[in-house]
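The values are calculated or read from the model by the stated rules, or taken from the named source; none is laboratory data. All values derive from a computational prediction rather than experimental measurement. Cβ: placed from backbone, ideal geometry, glycine included. Neighbour counts: every protein chain shown.
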Amino acid sequence: MTNLFDAILDRFDRLTERGTRAVAKTSGRRSFLARAGSAMLGGAMMPLLPFDRTFGQAFAATPGGAVDEALQCEYWRYCALDGNLCSACGGSLTQCPPGSEASKVAWVGTCRNPNDGKDYLVSYNDCCGKPICDNSPFCLTSKGERPGYRMGLHNDINWCMANTSKGYHCTVAVLVGLAE
Amino acid sequence: MTNLFDAILDRFDRLTERGTRAVAKTSGRRSFLARAGSAMLGGAMMPLLPFDRTFGQAFAATPGGAVDEALQCEYWRYCALDGNLCSACGGSLTQCPPGSEASKVAWVGTCRNPNDGKDYLVSYNDCCGKPICDNSPFCLTSKGERPGYRMGLHNDINWCMANTSKGYHCTVAVLVGLAE
Amino acid sequence: MVHLERIALCALLAVAGTPALAQQAEFTPEQLTVRDAIDPGPNVLVYQQEWKGAGSIAVFGKNDLAFKGLMTSGMMGQMVVAPDGRRAYGQSTFMKRIVYGDFEQVVQIYDVPTLSVVGEIALPPKAAMTLGYEPMFRLSADGAFLYVQNGTPAASVTVVDTAKGTAVQEIPTPGCWGIYPSTAGHAFSTICGTGTFQTFALSAEGTVTGKTQSAAIFDVDTDPIFISGARVDGDLVFVSFNGTLHRLSDADGTVKAVASRRITDGVEGAWAPGGYNLIAYAAKAGVLFVGMHANAGDGSHKNPAEEIWAYDVKGGTVLSRSPVEHIASLTVSDDDAPVLFGLSEEPKLYRFTSDPAAGFTLTAAGTAAITGFASVAAVTP
Amino acid sequence: MVHLERIALCALLAVAGTPALAQQAEFTPEQLTVRDAIDPGPNVLVYQQEWKGAGSIAVFGKNDLAFKGLMTSGMMGQMVVAPDGRRAYGQSTFMKRIVYGDFEQVVQIYDVPTLSVVGEIALPPKAAMTLGYEPMFRLSADGAFLYVQNGTPAASVTVVDTAKGTAVQEIPTPGCWGIYPSTAGHAFSTICGTGTFQTFALSAEGTVTGKTQSAAIFDVDTDPIFISGARVDGDLVFVSFNGTLHRLSDADGTVKAVASRRITDGVEGAWAPGGYNLIAYAAKAGVLFVGMHANAGDGSHKNPAEEIWAYDVKGGTVLSRSPVEHIASLTVSDDDAPVLFGLSEEPKLYRFTSDPAAGFTLTAAGTAAITGFASVAAVTP
């Protein structure tokens, strides 16, 4: 499978290099990568589950109430989350609040679920196009977080950067894989 | 002198009426009154004193330090001030901070100077074109303040409204008269 | 770590149809979506004003203060909510460089269930940039027109046609402030600095067809009224700095005094009304709630409430006095047992239930965090 | 009251030359002016970042933290200050509706003595919107070029000609992050995710003339470095999550390792560097200050400092450890007895003096209120 990843990353890098060689003369809203994103990143997060209104409780069904846990910075999925919780801003663990846009790109953390002892890959997508949701708790955790030279693991940047509407609203925590 | 005031106010009202009869079609930055202001209000606050770097201490020369007093909401001149103190934001009692604009219009309070027992008319001008100066104390006092149907005594509105740059930065407290 | 990061990136970059993660049989990845709508039910909307950035409208469940999300506004804005609670409007300011540069004022039209901006209407750049006051931005009884208070500082009112999405007319209202739409048709009244009211009749197209002036209603010097107003059985009700309740009728197109009474008569401690949007009327219950503070004096009229008084407008009596924590603005539901919401300067949203059997005494029943300068709230059905 | 108000309005409306107030012989009205410049002297500039409105640069006196005023910025911005302290640059984002709509990124040019925006340069709309980090926005040694870190998320660097006021070129730097200009000429280096550095040589016009890659410098998986960097006698210095100090040379156009040493060797308590702009070098004193926290582990690398260590880079020894309150970013003056400024997450600006006779131990010497997200500060001569 590594070859597949490498192929994708190589293509990513080549496109980037070509697209950014000269300063864009237009002041259009969408950068090269945002456009590239329509093709490359737009397919990310394909619907693999039916539309879900369960507030992501499937993986947090512990006594004590998953909903309440998801509103606290200490919740296990939030081990590398730098932002305001969408789950306390009209969204859920996996849903952006109504009227916002899900970010096309995201950083990823690896968090251990205390309920099954397994490490999960968590995609921290930002929700975009609204003011920062100060009504919701601000959390800062950085397990496995890395500086921007490891962009996919970096949480100090506005991940709404590739969206049309770039205002940062809040952050979700979506389980996208099991760590090996 | 009342006749003079009445004449000015009548003219003010007539100009207003004429200028606002129809919706302006342009989206220009300066409203009718802002334009009228160039002629009518622009002459306000004519330099009557030489340029003053004394931090307005002349009227506050009490033991204990006038400068420190001017940084507190309790200072006597601030009896009807709703805003952040310019005196604690790089300006002074009578000076807008460098790089900001003095408002063309203002509200007026009547405050008693405890040092001479006299009531002074205080012009609360806003300074404009920069972010609200949250580094400086926010004060809210409303002695003699009135709702917007007495606009010249109203302090809930952005008095940068007639300036080109309308961002509210901070508020000064300028002595413009003695109350009778 | 390199391998982990690449798996992660792959999850993000995954080309549609690539079965990369599905190979991990024991795990089904979750799906990121955007929630399509808020939970149904009655809401409380709070305008969170900002003076150096984007304000917003915060939506809470009426019954539990569950936070349902934000709708985006601009700087120094106002809010009005349609009676059905499904549509709301924000009026605010945008500058090219946020606090300087090219200046625009607009109305944003909100669909409340989806927390979305569904339209925008350009305004003449004269709208008053003031703290949040309900009478600065109003909707006509039938929702056909929005009225925008202008202040440059000259006062005028912009009439906006909500169906056409355009500003129809600007009406000069020199020396007057606040907008009080008629209960039928498209007239509105305004309070003038002479202690009178003016009333403007408007055509179905939103143009002025007539203007009347009331007799003297209140004494501007000795007992000025707050601009916060309420509708009581079709009449307009205001309170004054000293606690006089003015009941006025605008039914025949000219404002007329109906009754006037001091709500503080016989009360010890120099109590007086204070705050911003400081009165709210619960129609079914027939009770006016008023924010009150003790030891009132010159300059105390913006003091937040230490008590909220439940006042029987018909009977002219104070039914109850409930101690509260620094509530500067109120709104109330139209239930038999009204639910009252207060905004404090902290800022915080407070919820109170009321007991009809005990003179509508308030009981604290929840708080929620809010942000910015919040002084306008509205309850929806 | 009516009369008072009219006097007041008259004061405001007074036609030039009208001697209205002069008639009151006992009183000379004050004059409203705009102060032309801040008090002279060395300053500390703090970038106050905002994510839903206008950020700003706060200017304080270096010696007393007297607050001298603000310069206006936009959203999610960065700051760099010219060596003479009279010119500064801000890079930030503006959207038509503050948090949505047409998107612009610009450099604002500031004249520090007058706290004024004196120019603006349009950028390609790719600049990284990150927390404040010095290596995101840098000035070449001679001030001819600004380097802007882009992240879309693809990394690149925009080169801006400060004299011409235009963006000259965008240089792709895939997988690399942070900008470290050369001490002479116009080259810059950047840290790459492979544990190497790339160095780009630039012509006098700001166009790329060459590119080199270093050998492996650090282990990205086991001991990644912070992007906060310092210049020590012409060399580049970085610290790692585990406390390794890397001294590198970029003098010949390719980054090379000079020395590497653990600053925590022999220290009890699992101390490690942490924060944002967490290291600062005082050249005359020859001391590197590093923000350190105890009980370090995975994810603690942004913990604010519990102590600031004064490290003798030449001697390889910790000279002193000063307890501090949650300092997340540092900057230091180049005095014989360096003055250190720290930014906490409260947010607050802290001033510390240091004692050369006691290993540069820090003494708290003042604090000032700041706002927003503040993680970049600069001291001026």
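General observations
- Failed item, numbered, when residue C:328 is tested on (1) surrounded by 16 or more Cβ atoms within 10 Å (Cβ to Cβ); (2) farther than 30 Å from residue B:80 by Cα; (3) among the small types (Gly, Ala, Ser): (2)
- Residue in the range B:97-109 that is in contact with a Cys (Cβ under 7 Å, 6 or more places away or on another chain), surrounded by 24 or more Cβ atoms within 10 Å (Cβ to Cβ) and closer than 19 Å to residue B:144 by Cα present: yes
- Only residues that are crowded, with 22+ Cβ neighbours inside 10 Å and among the charged types (D, E, K, R) were counted in the range C:290-319, giving 0.
- Residue in the range C:301-312 that is of a type in the set (Lys, Arg) and under 28 Å from residue C:52 (Cα atoms) present: yes
- Residue pairs whose Cβ atoms lie under 7 Å apart, separated by 6 or more positions or on different chains, with the first residue in the range C:141-170 and among the polar types (S, T, N, Q) and the second modelled with pLDDT under 95 and not in a loop (DSSP other than H, G, I, E, B), are C:152/B:32; C:152/B:33; C:152/B:34.
- If the condition is being charged (D, E, K, R) and surrounded by 20 or more Cβ atoms within 10 Å (Cβ to Cβ), then the range C:30-44 contributes C:30, C:35.
- For the residues C:170, C:134, the requirement of being at the interface with chain B (Cβ under 9 Å from one of its Cβ atoms) and charged (D, E, K, R) singles out C:170.
- Residues of the range D:91-116 classified as farther than 22 Å from residue A:165 by Cα and not aliphatic (A, V, I, L, M), total: 6
- Residue within the range D:260-277 that is touching a residue at least 60 places away in the same chain (Cβ under 8 Å) and either assigned by TED's automatic domain parsing to the domain that holds residue D:78 or over 18 Å from the mean Cα position of the chain (by Cα) (or both) present: no
- Pairing each residue of the range D:294-322 that is in contact (Cβ under 8 Å) with a residue 12 or more places away in the chain with any residue that is hydroxyl-bearing (Ser, Thr, Tyr) and in a loop (DSSP other than H, G, I, E, B), provided the two are 6+ apart or on different chains, yields C-beta distances under 8 Å for D:300/A:142; D:301/A:142; D:302/A:142; D:302/D:276.
- Residues within the range C:35-66 that are over 18 Å from the mean Cα position of the chain (by Cα) and touching a residue at least 12 places away in the same chain (Cβ under 8 Å), tallied: 11
- Candidates are the residues of the range C:232-255 that are loosely packed, with under 15 Cβ neighbours inside 10 Å and of a type in the set (D, E, K, R); the one that is farthest from residue C:278 (Cα to Cα) is C:252.
- Test for residue B:83: is it buried (at least 24 other Cβ atoms within 10 Å of the Cβ) and modelled with pLDDT of 95 or more: yes
- Taking the criterion of being within 12 Å of chain A (Cβ to nearest Cβ) and among the polar types (S, T, N, Q), the residues of the range D:278-305 that qualify are D:300, D:303.
- Selection of strands (runs of 3 or more DSSP E) fully inside the range A:67-180 by the criterion of at least 2 residues being touching a Ser or Thr at 6+ places or on another chain (Cβ under 9 Å) returns A:82-84, A:101-112, A:119-128, A:168-171, A:174-178.
- Some residue of the range C:351-372 being within 20 Å of residue C:138 (Cα to Cα) and either within 18 Å of the chain's Cα centre (by Cα) or modelled with pLDDT of 95 or more (or both): no
- Applying a threshold of 7 Å to beta carbon distances and a minimum spacing of six or more residues, or different chains, the list of pairs starting in the range C:216-229 at a residue that is within 10 Å of another protein chain (Cβ to nearest Cβ) and ending at one that is assigned to a strand (DSSP E or B) and of a type in the set (Phe, Trp, Tyr) reads C:225/C:238; C:226/C:238; C:227/C:177.
- The lone criterion from (1) touching a residue at least 24 places away in the same chain (Cβ under 8 Å); (2) surrounded by fewer than 19 Cβ atoms within 10 Å (Cβ to Cβ) left unmet by residue C:118 is number (1).
Rundown of residues vs (1) under 15 Å from the mean Cα position of the chain (by Cα); (2) farther than 22 Å from residue D:329 by Cα, yes/no style:
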{"residue": "D:97", "(1), (2)": "no, yes"}
{"residue": "D:149", "(1), (2)": "yes, no"}
{"residue": "D:161", "(1), (2)": "no, yes"}
{"residue": "D:167", "(1), (2)": "no, yes"}
{"residue": "D:177", "(1), (2)": "no, no"}
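- Condition broken by residue D:126, with the remaining ones in (1) away from chain A (no Cβ under 13 Å); (2) of a type in the set (D, E, K, R); (3) buried (at least 23 other Cβ atoms within 10 Å of the Cβ) satisfied: (1)
- Of the criteria (1) facing chain D (nearest Cβ under 10 Å); (2) on the phi < 0 side of the Ramachandran plot; (3) out of contact with any Leu (no Cβ under 8 Å at 6 or more places or on another chain), which one residue B:129 fails: (2)
- Residues that are of a type in the set (A, V, I, L, M, F, W, C), within 10 Å of chain C (Cβ to nearest Cβ) and either farther than 15 Å from residue C:98 by Cβ or surrounded by fewer than 24 Cβ atoms within 10 Å (Cβ to Cβ) (or both), drawn from the range B:132-180: B:140, B:151, B:153, B:157, B:159, B:161, B:162
- Looking only at the range D:77-109, and only at residues there that are small (Gly, Ala, Ser) and touching a Gly at 6+ places or on another chain (Cβ under 7 Å), the one that is surrounded by the fewest Cβ atoms within 10 Å (Cβ to Cβ): D:82
- Within the range D:153-165, the set of residues being of a type outside the set (Gly, Ala, Ser) and at the interface with chain A (Cβ under 9 Å from one of its Cβ atoms) comprises D:153, D:158, D:159.
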